[in-house]
There are 2 protein chains.
Amino acid sequence: MADQTKGEAERPQRRRRKMQSVTMMDVAEFAQVSPSTVSLYLRRPEAVSASAGSTIARAIEKLNYVPNLVAGGLAAASSRAVSIIVPSVRNAFFAETVAAMQNILRKEKLQLILGHTEYDEREEEELVKTALSWAPAAIVLTGLSHSDATRRMLQKASVPVIEIWELGGQQIDAAIGFHHDQVGAAAAKHLIQQGRRNLAYLGARLHEDKRAKQRCDGFVETAKIAGVTVDVIQHPAAASAEVGGMLLSEALQALPQLDGVACSNDHVALGALFECERSSISVPGRLSIVGFGDLSFSAACNPPLTTIRPSGDLIGREAARLIIEHMAGKEPEPQISIDTRFTLLHRRSS
Amino acid sequence: MADQTKGEAERPQRRRRKMQSVTMMDVAEFAQVSPSTVSLYLRRPEAVSASAGSTIARAIEKLNYVPNLVAGGLAAASSRAVSIIVPSVRNAFFAETVAAMQNILRKEKLQLILGHTEYDEREEEELVKTALSWAPAAIVLTGLSHSDATRRMLQKASVPVIEIWELGGQQIDAAIGFHHDQVGAAAAKHLIQQGRRNLAYLGARLHEDKRAKQRCDGFVETAKIAGVTVDVIQHPAAASAEVGGMLLSEALQALPQLDGVACSNDHVALGALFECERSSISVPGRLSIVGFGDLSFSAACNPPLTTIRPSGDLIGREAARLIIEHMAGKEPEPQISIDTRFTLLHRRSS
DNA sequence: TTTGTCAATCGTAGCGCTATGATTGCAAAA
DNA sequence: TTTTGCAATCATAGCGCTACGATTGACAAA
């Protein structure tokens, strides 16, 4: 039988939780200052005296102190994390932007939290929700089209939003990128300038990749205005050299007069190039090929590939700059949009 | 600098900090339960009664509650974040692994925090330090060679560490990958089997890319054992088609008898292929080419590229699996190593 | 001297949540 | 009846840090 032992014997021993080996308090103690001073030193070294600063620095070194960013994030209501949501990092374009951002942000001790939509708006919505629960310093999204729910969440949360890789639609906050229809237009103009009169656009996954679709539309429109023949040959699969080969072969069959093609991207163009080689079609003699992306192999092809370079790294750098400026307290102009433009590289495939 | 506008009317109002619009307390209040129950429901729905569960679910829905993962991470001493550190996500191999991990982890509401070393051990050390300050659920590193400081930090922190893309060295915790020297050996064996007797390895950035170096070494060793001629032609720049072209041209000049090459990766092989085309060298008639990676264009080349596929996605999937199992409380065998192997794809370039 | 100013430093109340141990209510066992 | 066992729920003490406001001390101005 157990007695009713409530409330008589005091048990001062309370529960404990986890433990971070060395905390800011330990550093403060060691350096003979208050925790506040340590915190201040860490955040704004110039605000503490030189002597205190060096003492603290020594203590940190000695104790091998690693700040707990999670605690800091909670206290400050904003973490040193930047959430970036792209269709997929397997795509070289986005990989380049992510890498460029990362390389700048890491110097500011900002972490990149990565998410993949796989071109799915629902997925994006889910990712944005999770991203927000990290109270990130900023959130970077790909493109301008999002679900209403996504837009609402973002609007309500007071997080700076940067939309990248697209311009010309309705933006939430800041946008950095270029006009994809202009890319298509540039490709068309270039081919026409080269004397081509029977054009086609070789498109991959146009139903999902909105930006590839915009490039395609720009191409077609410009060609039509110029009064030359133009067709779209497309495939639902993601852009690849294999798809490029298939598309060109299909295009040649359907359009015997074909003398110029623009491609979804350089992978497709590469496939088209190989297909020409297999079919003994001279490039650019009989057919001109224009790609998009200036991928790592494009200049080394035979013949080197004429392509349009979108400067994905500039997009990343500009995004990082905006974020850093925002964190430094600089109030950015609302609805700012930065056109990173693109460059047509005229090489020998056209 | 803001104006100092204080001092007239006394405001006994104490300080306030930030505000998350809807907190768990709000949900609890709305659902007429205690915050603990809401928390419990969120973490282990099966532990609360069905009625309470649905009430809470409704409250969450109604209030549009988004949990604060930062606060949760602090309280639980471990965040729902997985830190992954790779040389660069621009590299298609790592991009694939990252993407595969992400696609599994997102279903578990785990976030990927990305870091780039750019093949720099110092940088890696810095990244590991920052990563640890996020108290991640796990930390994933590329390769087995790290600085002593990195190793020490990792050892001291009680975070599961997974090293990927390499096997055969001294591992910290778990390792998932394959033996790169075996890749080189397989390439050599294959070329020899095809009747090639004058081999070369076309290597890019071998001084930094330790794994490419291992492949190279495996290639050379195997060739030597088999008694065939073997050379290494290398370039300090990162692997690219351009470098591949240069390397092959250099190799042909230095080794007129050359009849088989293995390459750092498929980009280099692609460049070699184009160089052969330019120099009218028949492939595989006069020269066999073996790549590494099975990149998106490799099967579509002309001729299609014989290459070795490393299954970077499997590495990612296995890593994700290990992490999820660990979080579910399953104690993993220490020093586990998973060999994801590789496949030689014999196509027409050899 | 007193007062004011300013830079440097400190004290402390949370940030929103989780995990521990306690408590409750009810059905089955004693 | 009382006890026990169990599932469901709750109360509460932090997790480690930041930022607000207060305090200190040194020096210039009055």
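The values are calculated or read from the model by the stated rules, or taken from the named source; none is laboratory data. Small disclaimer: the values here were computed from a predicted structure and weren't measured. When we count neighbours, we look across all protein chains shown, and the Cβ atoms used for this are built from the backbone with ideal geometry, even at glycine. Heads up: the accessible areas ignore ligands, DNA and RNA and are worked out on the full protein's heavy atoms, side chains in. Shrake-Rupley method; radii C 1.70, N 1.55, O 1.52, S 1.80 Å.
Observations on the structure shown:
- Computed log₁₀ I(q)/I(0) - Debye formula, equal Cα scatterers, no solvent, chain B, q 0.09 Å⁻¹: -0.62
- Cα gyration tensor shape of region A:225-302, rounded if a/c is under 1.5, else prolate or oblate by comparing a/b with b/c: rounded
- Exposure of A:Val283 as accessible area (Å², to 10), given a probe of 1.4 Å and all protein chains: 30 Å²
- Sites A:Ala50 and A:Met327, calculated FRET efficiency, Cβ-Cβ separation with R0 22 Å, nearest 0.05: 0.30
- Across the identical copies, how the B:Lys107 labels are spaced - nm, sorted shortest first, 7 Å along Cα→Cβ: 4.1
- Using alpha-carbon coordinates, inclination of helix B:121-132 to the longest axis of chain B, degrees: 30 degrees
- The angle separating the long axis of helix B:241-254 from the principal Cα axis of greatest extent in chain B is about 30 degrees.
- Whole-Hz couplings from phi, Karplus 6.51/-1.76/1.60, listed for region A:142-157; x for Gly and Pro: 9, x, 10, 9, 9, 5, 4, 4, 4, 4, 5, 3, 5, 4, 5, 5
- A Förster radius of 56 Å, combined with the Cβ-Cβ distance separating B:Lys62 from B:Lys189, puts the computed FRET efficiency at roughly 0.30.
- Spherically averaged projected area of the protein assembly as shown from its Cα convex hull (nm²): 40.3 nm²
- Take each residue in A:294-304, count the other chain C-beta atoms within 10 Å of its C-beta, and the mean is 6.
- Of all lysines in the structure, those lying under 18 Å Cα to Cα from B:Lys189, and not within fewer than 8 positions of it along the same chain, are B:Lys213, B:Lys224.
- The mean number of Cβ atoms from other chains found within 10 Å of a Cβ in peptide A:271-284 is 2, as a whole number.
- Inter-copy label distances at B:Ala149 (7 Å, Cα→Cβ; nm, one decimal): 4.6
- Nearest 10 degrees, 0 to 90: helix B:266-278 Cα axis against chain B principal axis: 40 degrees
- Placing +1 on the Cβ of every Lys and Arg and -1 on the Cβ of every Asp and Glu, with no other charges, gives region B:110-239 a dipole of roughly 460 debye about its Cα centre.
- Cα→Cβ-extended label distance, 7 Å offset, between B:Ser280 and A:Ala254, nm: 3.8 nm
- The spacing between region B:211-267 and region B:56-71, judged by their C-alpha centroids, is 58 Å.
- When +1 charges are put on Lys and Arg Cβ atoms and -1 charges on Asp and Glu Cβ atoms, the dipole computed for the protein assembly as shown relative to its Cα centre reaches about 1000 debye.
- With the label put 7 angstrom out from Cα along the Cα-to-Cβ vector, A:Thr229 ends up 5.3 nm from the copy partners, going from closest to farthest.
- Total accessible area lost when B and A pair, probe 1.4 Å, Å² to nearest 100: 5200 Å²
- Legend: mean number of C-beta atoms from other chains within 10 angstrom of residue C-beta atoms, peptide A:112-118, equals 5.
- Model label sites at B:Gln32 and A:Thr343, defined 7 Å from Cα along the beta-carbon direction, differ in position by 6.8 nm.
- Whether region B:180-309 is rounded, prolate or oblate, judged on the alpha carbon gyration tensor where a/c under 1.5 counts as rounded: rounded
- DSSP bridge orientation in the protein assembly as shown - percent antiparallel, rounded to nearest 5: 10 percent
- Taking a ≥ b ≥ c as the square roots of the eigenvalues of the alpha carbon gyration tensor, region B:100-180 is oblate, as a/c is not under 1.5 and a/b does not beat b/c.
- Computed about the Cα centre, the dipole magnitude for region B:241-340 is approximately 180 debye when only Lys and Arg (+1) and Asp and Glu (-1) carry charge, each at its Cβ.
- Listed by chain and number, the lysines whose alpha-carbon sits under 20 Å from that of A:Lys62, ignoring those within fewer than 8 places in the same chain, are B:Lys129, B:Lys156.
- Dipole axis of the protein assembly as shown (+1 Lys, Arg; -1 Asp, Glu on Cβ), positive-most option in A:Leu270, B:Thr55, A:Met153: B:Thr55
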